[in-house]
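Comments concern the structure below.
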Amino acid sequence: VQLQASGGGLVQAGGSLRLSCTASGIPFANYAMGWFRQAPGKEREFLAGISWIADATYYTDSVKGRFTISRDNAKNTVFLEMNSLKPEDTGIYYCAGSVARTAQAMSSMRHDYWGQGTLVTVSS
């Protein structure tokens, strides 16, 4: 099983990035997916979740209206579109998956599988 996150990089404040996480080795359509972030010196935090049938999404307050999670089950991929980025959005971004969960349940830190992370740096 592998969750491969990509799309991170260096961006100026106010800019945008699109992260991708492609899964292999699991029946992706059966898994709810989530994005998490670990800022320097801080604990990992939940950002966004999407249900396994993509009928619901859930966001932490700090990214509502700026980040959008979506999925393409045909490509076994979940996305995180990030707009209006701020320096405090800097961190390593991880994807995670758990079988048959709701979007809100993805806010847990316990998941079946985690990706390896991709670094996002937002300069001021």
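The values are calculated or read from the model by the stated rules, or taken from the named source; none is laboratory data. Quick caveat: nothing in here was measured; it's all calculated off a predicted structure. Cβ sites come from the backbone with ideal geometry, for glycine too, and all protein chains shown count toward neighbours. Side chains are part of the model used for accessible areas, which takes the heavy atoms of the whole protein and leaves out ligands, DNA and RNA. Shrake-Rupley method; radii C 1.70, N 1.55, O 1.52, S 1.80 Å.
Quick one: which of T57, T68 is in contact with an Asp or Glu (Cβ under 6 Å, 6 or more places away or on another chain) and free of Cβ contacts under 8 Å to residues at least 60 places away in the same chain?
T68
As an exercise: evaluate L119 against (1) open to solvent by 40 Å² or more (accessible area, probe 1.4 Å); (2) closer than 17 Å to Y59 by Cα; (3) part of a strand (DSSP E or B) and give the number of the one condition it does not meet.
Of everything listed in (1) open to solvent by 40 Å² or more (accessible area, probe 1.4 Å); (2) closer than 17 Å to Y59 by Cα; (3) part of a strand (DSSP E or B), L119 misses just condition (2).
Being under 18 Å from L3 (Cα atoms) and β-branched (V, I, T) is the filter; apply it to region 23-75 and report the residue that is farthest from the chain's Cα centre (by Cα).
Going through the qualifying residues, I end up with I26.
Taking L19 as the residue in question, decide whether it is under 15 Å from the mean Cα position of the chain (by Cα) and either surrounded by fewer than 13 Cβ atoms within 10 Å (Cβ to Cβ) or aliphatic (A, V, I, L, M) (or both). Outline the logic, then answer.
Numbers: under 15 Å from the mean Cα position of the chain (by Cα): yes; either surrounded by fewer than 13 Cβ atoms within 10 Å (Cβ to Cβ) or aliphatic (A, V, I, L, M) (or both): yes.
So L19 fits the description; yes.
Considering region 13-44 alone, what residues qualify as being in contact (Cβ under 8 Å) with a residue 12 or more places away in the chain, under 12 Å from N73 (Cβ atoms) and part of a loop (DSSP other than H, G, I, E, B)?
I26
Out of L47, L10, L80, I need the residue that is open to solvent by 70 Å² or more (accessible area, probe 1.4 Å) and part of a strand (DSSP E or B). Which one?
L10 is the lone residue from the list that is open to solvent by 70 Å² or more (accessible area, probe 1.4 Å) and part of a strand (DSSP E or B).
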